[in-house]
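Below: the structure, in structure tokens.
The values are calculated or read from the model by the stated rules, or taken from the named source; none is laboratory data. Note that the coordinates shown come from a computational prediction; the quantities given were computed from them, not determined experimentally. So basically every Cβ, Gly included, is an ideal-geometry build from the backbone, and we count neighbours across all protein chains shown.
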Amino acid sequence: MFRRDNNMFRKYFLMQHTTWVVVVLTAVLSTSCASFGSKRLIASHTAYNDAVQLTVAREVLANIIRSRYSDPMQFIAVSAINASFSVSVSGSAGVGGIGQAGTAGEAAGAAGYSDSPTITFIPQSDAAFYKSFFGLFDVEETVVFGLAYRYARTDPGWQELSLRFSFGSINDAHDFTYGKMVELYNRRVKALAQLLLLGATIQQVPEWDFDSSAIAKAKVTAEDKVKAFKDGLYFIEEDNGESVRLARYRMVLALTLPHPKDPEVISALEALGVPPGRKQYILRPPMHATPGNIDPYAIWLTPRSMADVISLAARFVDVPSPHTGIVISLEPLAGDNALISAIRIRSSEKTPASPYRIQHRGYWFYVDDSEIETKMFFEAIVAAYSSRVGSKQAGDQGPQVVLPVGG
């Protein structure tokens, strides 16, 4: 009888104390869940942000190396990170020494927290991606990013390098002919960099965008003018007022000179291939035609594509001596010799300490952490990729690779 009462007392004690543990833990978790969850969110966000940043940087680096080896390029993007956060609660209680002088009870509780992310990768291989990857940058994109990038104006050498990676031709002077860099292109890069050094700025200015053929002015009626005005169009006279052409205003970029009559400015303009005498020179892309109006003061620029930028960056890759027979010979870039020689993507048989490293054909290729010029250059290339095509998603067009972390 006494043993049965002791057993009943033990069960009662265990039930009471277990309930107490669970109630206390639930109360603590309910009051701290918001702050606990928000802190975990901040920590996880930073970790995932760092991981994605490193992933993109290594993607770009890997394809620069592939380009140097004439291997096919391939990109894969992290399209989604689904992180499932869960909390578990457990409690226990025990009683010892029933019927003895030293009866004792104990209670314990625990709270567990787990993060089970699922990472979704999408190969960047659909037509839309390649159209963006091989398509030319807009002049506005190139000017804003290339010329105004935070390192471009720090030094004339950086400004020239930025221009070389921004434009493949300047006023019909192309960068390479049969693999050899054209001297006229080099002179025009230096001239444009010199104008910027002398205080020239890039500004938006309005101009007429002509989008029709010329017609006789006498054939235009008042009703035609009213209808055109409602559509934002105007009849602009030409041929001494004999004919007109429909046009609308558009905003374009222009190189604005603070001192057009400065001898150094005049010399640079002549080297650039435009006549001096103006304060503003419109920057025009290859297809920026103006029917019936030839502008000798325009600076015609052919922007590069992201694929072209990566191909150009491959010239900075140090090829291991055993591989010199399987890669083509490339002429070094022209420009500031000290800066050009300072930018290097190193190679090594041993695993480097730098986080920006990839392995290709048995060797490691990396950006040395101690080489600041290379890191600055590499940052610009990764930023250009991310801005242009890095966020391009294939959506339902391409296969998805879903990997549970730790699975």
Seminar exercise, completed: Within segment 265-310, restricting to residues that are at pLDDT below 90 and among the aliphatic types (A, V, I, L, M), the one that is surrounded by the most Cβ atoms within 10 Å (Cβ to Cβ) is 289
Seminar exercise, completed: A careful count of residues in segment 289-305 that are closer than 15 Å to residue 172 by Cα and touching a residue at least 12 places away in the same chain (Cβ under 8 Å) gives 10
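For segment 234-257, what are the residues that are of a type outside the set (Gly, Ala, Ser) and touching a Lys or Arg at 6+ places or on another chain (Cβ under 8 Å)?
Passing the criteria: 234, 235, 236, 237, 238, 242, 244, 252, 256, 257.
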Problem set entry | Near pairs, Cβ below 6 angstrom, 6+ apart or cross-chain, from segment 68-88 (within 20 Å of residue 389 (Cα to Cα)) to any residue that is among the basic types (Lys, Arg) and modelled with pLDDT of 80 or more | 73/66
Exercise. So which residues in segment 213-250 are closer than 30 Å to residue 201 by Cβ and either loosely packed, with under 10 Cβ neighbours inside 10 Å or among the hydrophobic types (A, V, I, L, M, F, W, C) (or both), if there are any at all?
Worked result: 232, 236, 247
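This table checks each residue for (1) assigned to a strand (DSSP E or B); (2) surrounded by fewer than 19 Cβ atoms within 10 Å (Cβ to Cβ); (3) of a type in the set (A, V, I, L, M).
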{"site": "312", "(1), (2), (3)": "no, no, yes"}
{"site": "365", "(1), (2), (3)": "yes, no, no"}
{"site": "374", "(1), (2), (3)": "no, no, no"}
{"site": "387", "(1), (2), (3)": "no, yes, no"}
For this session: Would you be able to tell me the number of residues in segment 251-261 that are in contact (Cβ under 8 Å) with a residue 60 or more places away in the chain and surrounded by 15 or more Cβ atoms within 10 Å (Cβ to Cβ)?
Result: 3
Problem set entry | Only one of 177, 201 that is of a type in the set (Val, Ile, Thr) and without any contact (Cβ under 8 Å) to a residue 24 or more places away in the chain | 177
Exercise. Within segment 314-337, can you find the residues that are loosely packed, with under 13 Cβ neighbours inside 10 Å and over 27 Å from residue 183 (Cβ atoms)?
Worked result: 321, 322, 324, 325, 326
Exercise. Which of the residues belonging to segment 207-233 are touching a Lys or Arg at 6+ places or on another chain (Cβ under 7 Å) and part of a strand (DSSP E or B)?
Worked result: 207, 209, 210
Seminar exercise, completed: Residue hits (segment 270-310; in contact with a strand residue (DSSP E or B) (Cβ under 9 Å, 6 or more places away or on another chain) and assigned to a helix (DSSP H, G or I)) are 272, 308
